Each structure stands twice: as structure tokens, then as C-alpha cells.
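Trainee: First, the structure itself, so that you have it in front of you.
The values are calculated or read from the model by the stated rules, or taken from the named source; none is laboratory data. Remember, it's a predicted structure, so these values are computed and weren't measured experimentally. Please note: Cβ atoms are built from the backbone with ideal geometry, for glycine as well, and neighbour counts cover all protein chains shown.
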Amino acid sequence: MLSEAGGLAEAINLEVVHAEVVPLQRRNPSTLFGSGAVKRLGEIIKRGGAGEGHVDVCVVDAPLSPVQQRNLERDWECKVIDRTGLILEIFGARARTREGRLQVELAALSYQRSRLVRSWTHLERQRGGAGFMGGPGETQIETDRRLIGKRITRLKKDLGEVKRTRQLHRKARKKVPYPVVALVGYTNAGKSTLFNRLTKAKVKTEDQLFATLDPTMRGLKTASGRMVILSDTVGFISQLPTELVNAFHATLEEVVEADIIVHVRDAAHADTESQKEDVLQVLKELGLGDAVEESLIEVLNKIDLLDTQERDALANRTHRSNIPAIPLSAVTGEGCERLTAAIDEKNTESFKVHEVSLLHGEGAKLAWLYDHGEIFDRRDDEEGIFLKVRIDDANWARFQQQLD
């Protein structure tokens, strides 16, 4: 967790000059830490940590109440942000699409509204009310709360329109229809690198947390020649702030609507099992508990960073798992063919076998069946062409419309 917190800080170009784990016997309601720890950490901050010069910001990798944040800033004489504030800073710096920026602003305002505490007495500038309103007027803090509330209402309305647009896009895709395969996983597990490797796309990839925020979709042709739509999604993280879970619901709907979920794990990470549990917990919170069992493929990425002994141990673990687990390297491409084959197999599990009779002149229909289904038996005679085709329900319905 300490290493992850440092990685989050570095993700917004902060230079970490000191990092430590501070044991807590109990949570102090006014400062989180005990008075001794506050004083000791204050001295480290004043010395500039392990570096030189003044410390500009201190990150506490835990939720801070508004009062705790204000008191720590007063005692340490520097800016103090908690885990939620740090993640919001990253998201604010990385969001590129209109949807992403709307979601970040909504999350930030929800967080900021909780920071408006009564102790801001210096902001209580009285303003005369209209004759019919009565009372002493409206304090500045109440004005701020009201303006933030109005902006939040507007953002939710705009995000509702974005949500409707995404639903229209999904309906359009269902008419095609190609199955949607969503890449999910802990942040920095290598999803975007794998996405680029499979689709030849050029999505931004960096060895840092939350390099991808905005969902990206591309077509992918599997080994059997079938087309699927691959979706790269935002990475999950432990203790994801509630504000972000709610604000990014529209983005996460891509996962909810997906036909197949590919869980990309960093197999070389020391805490890979805990990261797996965090991702599965978020999926369950999205109402995907059943889908985790039925449509999940597990990818053990970054095997290029493992030695032979570690690879053998990984292979033994995958054999004992109920969920298909595929060791691969998104960097070198090793194992990627196995992944596309697994996507093919998972995609065809729900296919049904139909018998079809065609006339010799119906070549277009025959070609369509070859493109959209799997022909595993064919017999030609004077009367026509007789086929057994394995095909999904959506494409079978489309073929039936052609016959009508």
C-alpha cells in the first residue's frame, strides 16, 4: 500500500522525498494521528523530508475528515490531501473526453462540498436579503454550497445525456452485432498495452497508475475470423473513493454490457492476489457476480518479468483454477494467440446448431453463413445445398429475416 501511494503521487509528477507507515492505535478525531506522531511528522516536513527545500504537499493514504485535513495543514504548514483528493487530482489531469471531464468534475465537486465546514468563519460575509426573505441574509459558505449544488445538478443532467448517447451506441452495435469484450483489471496491470497489441491501436500507455481513464473501443478479428469489439476501461484500485464509483458509473456500464470480461492481472506484482480480490469486489458491486463465473477470462500479464521457476509456479496455479487463466506478455506478444482462442471458445459456448437448406443460386446467403457462423457439415446434390451451421441467436435471427 505504501508503494502504491508513492506511485499515485508520482502519477501527477510529485517528487516523493519521504514515505512511511504510521501505526495507529486509534483514530484521533481531530488529526487522525496521535499528537506525538503529528509533531514528529511535522519536524520531518519542516526539514524537507529526505530531500532539500520546502515540502509543498503531504499525502495521507487514508480518508481525512474536513476537520482533520484543516488541523493537519495548520500544524504542518503545508497542503494536505487524502487518498480521495490524490486520486481526483490524477483523474482531473488525465481525463480527455467530454464524458471523462464531466465525471471528474462531478466527483471533485461532491468531494469539495463535504470540505465546506462551519469553521470557515472568515467567509461569513453577510449579504442583505430581499424584503420578503427575512433573516440575516446568506453567508458565503451557504452561497458556495448552493452554487456547487446547482453545478452538480447540471453535471448529472449532462452525464445523463452522455449515458443515453452511449446506450444508442450500444444499440447500434447490437444491430451489427458483434460481441463486446471488456478488458478490466487493477490500474497499471497492462490493459492498454494488451489492447494495443491485439488491435494494433495506439492508446497511450505508461508505466504508471491510471494512464487510461477514457474508454476506448476497437474491432478485433479472432483466430477463427470472427469479429469482436474490444473495450479498454479505466483501471480499478483498492479503496476506490465512493464519489468516483458513482461518478464513473457511465464508464463502467461498458463492463456491465460486455458479453465477455477479460480480467488482466499483473502476475509479476507482489500483491497480485489482493489486487485480484479488489477487482472482483468492484465487479460484484456493479452487479456482475454471476458474470464473473460465466463470462470471465483471466489473463496473467507481464510473464516476461518472471524467471523460469516463477513461471512454473504460475502455470501450476492456473491448472487448479476453475476460471480459464492464460499467462501472457502484452509486451512480447507471448500467449496472445491463446487469449484470442479463449475469446473464440467463450464466444461460441452459447451457439446453437441449425440445419439449413439452400438452392444452388443462393450463393450470397451461403457466403453470409460462412462469415457469421461455423459450418461443420455440408452436403451438395441436385436439389440444393444442405448445411449444419453453429451460430449465435442474434445472427440466426438476422438470417431468418433474410429468408422472410
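A quick yes/no check of all residues on (1) within 24 Å of Ile343 (Cα to Cα); (2) assigned to a strand (DSSP E or B); (3) modelled with pLDDT of 65 or more:
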residue: Thr193; (1), (2), (3): yes, no, yes
residue: Glu206; (1), (2), (3): no, no, no
residue: Phe210; (1), (2), (3): no, no, no
residue: Asp214; (1), (2), (3): yes, no, no
residue: Ala250; (1), (2), (3): no, no, no
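Trainee: For region 76-105, which residues satisfy the criterion of being of a type outside the set (Val, Ile, Thr) and over 21 Å from Val162 (Cα atoms)?
Mentor: If the condition is that a residue be of a type outside the set (Val, Ile, Thr) and over 21 Å from Val162 (Cα atoms), then Trp76, Glu77, Cys78, Lys79, Asp82, Arg83, Gly85, Leu86, Glu89 are the ones that fit.
Trainee: Would you mind stating whether Arg26 is part of a helix (DSSP H, G or I) and either among the charged types (D, E, K, R) or more than 23 Å from the chain's Cα centre (by Cα) (or both)?
Mentor: No.
Trainee: Just give me the residues in region 354-390 being aliphatic (A, V, I, L, M) and either at pLDDT below 85 or farther than 22 Å from Val228 by Cβ (or both), in sequence order.
Mentor: Those that are aliphatic (A, V, I, L, M) and either at pLDDT below 85 or farther than 22 Å from Val228 by Cβ (or both): Val356, Leu358, Leu359, Ala364, Leu366, Ile385, Leu387.
Trainee: State which residue pairs qualify: first residue aliphatic (A, V, I, L, M) and inside region 332-354, second residue in a helix (DSSP H, G or I) in any location, beta carbons under 9 Å apart, and separation of 6 or more residues or different chains.
Mentor: These pairs meet every condition: Leu339/Leu194; Leu339/Leu198.
Trainee: Condition (residue is modelled with pLDDT under 90 and out of contact with any Ser or Thr (no Cβ under 9 Å at 6 or more places or on another chain)) applied to region 323-334: is it met by at least one residue?
Mentor: Within region 323-334 (the criterion being modelled with pLDDT under 90 and out of contact with any Ser or Thr (no Cβ under 9 Å at 6 or more places or on another chain)), the answer is yes, since at least one residue qualifies.
Trainee: Six or more apart or on different chains, Cβ under 9 Å: which pairs go from a residue in region 96-117 that's closer than 14 Å to Asp158 by Cβ to one that's modelled with pLDDT of 80 or more and among the basic types (Lys, Arg)? Could you list them?
Mentor: Glu105/Arg151; Leu106/Arg151; Leu106/Lys156; Leu109/Arg151
Trainee: Now a separate question. Looking only at region 52-73, which residues are out of contact with any strand residue (DSSP E or B) (no Cβ under 6 Å at 6 or more places or on another chain), under 17 Å from Leu24 (Cβ atoms), part of a loop (DSSP other than H, G, I, E, B) and of a type outside the set (D, E, K, R)?
Mentor: Ala62, Ser65
Trainee: Any idea how many residues of region 167-191 are surrounded by 14 or more Cβ atoms within 10 Å (Cβ to Cβ) and either at pLDDT 75 or above or not in a helix (DSSP H, G or I) (or both)?
Mentor: Qualifying residue count for the region: 15.
Trainee: Being modelled with pLDDT of 85 or more and in contact with a helix residue (DSSP H, G or I) (Cβ under 8 Å, 6 or more places away or on another chain) narrows it down to one of Val262, Val234, Val255, so name that one.
Mentor: Val262
Trainee: If you take the residues of region 44-66 that are of a type in the set (A, V, I, L, M) and crowded, with 18+ Cβ neighbours inside 10 Å, which of them is modelled with the lowest pLDDT? Walk me through how you get there before you give the answer.
Mentor: First pass over region 44-66, keeping only residues of a type in the set (A, V, I, L, M): 44-45, 50, 55, 57, 59-60, 62, 64.
Filter again for crowded, with 18+ Cβ neighbours inside 10 Å, leaving 45, 55, 59-60, 64.
On the way: Ile45: 91, Val55: 87, Val59: 93, Val60: 94, Leu64: 91.
Going through the qualifying residues, I end up with Val55.
Trainee: Of the residues that make up region 74-87, is at least one modelled with pLDDT of 65 or more, surrounded by fewer than 14 Cβ atoms within 10 Å (Cβ to Cβ), in the same structural domain as Val16 (by TED's automatic domain parsing) and assigned to a helix (DSSP H, G or I)?
Mentor: Within region 74-87 (the criterion being modelled with pLDDT of 65 or more, surrounded by fewer than 14 Cβ atoms within 10 Å (Cβ to Cβ), in the same structural domain as Val16 (by TED's automatic domain parsing) and assigned to a helix (DSSP H, G or I)), the answer is yes, since at least one residue qualifies.
Trainee: Pairs please, first residue from region 11-39 and of a type outside the set (S, T, N, Q), second anywhere and loosely packed, with under 14 Cβ neighbours inside 10 Å, Cβ atoms under 6 Å, 6+ apart in sequence or on different chains.
Mentor: Partner pairs satisfying both residue conditions: Ile12/Ala93; Val17/Ala50; Val17/Gly51; His18/Ala50; Ala19/Leu2; Val21/Leu2.
Trainee: For region 10-41, name all the residues that are basic (Lys, Arg) and within 15 Å of Ile81 (Cα to Cα).
Mentor: Listed by number, the list is empty, since nothing qualifies.
Trainee: Is it the case that Gly160 is assigned by TED's automatic domain parsing to the domain that holds Val264 and either outside any helix (DSSP H, G or I) or at pLDDT below 85 (or both)?
Mentor: no
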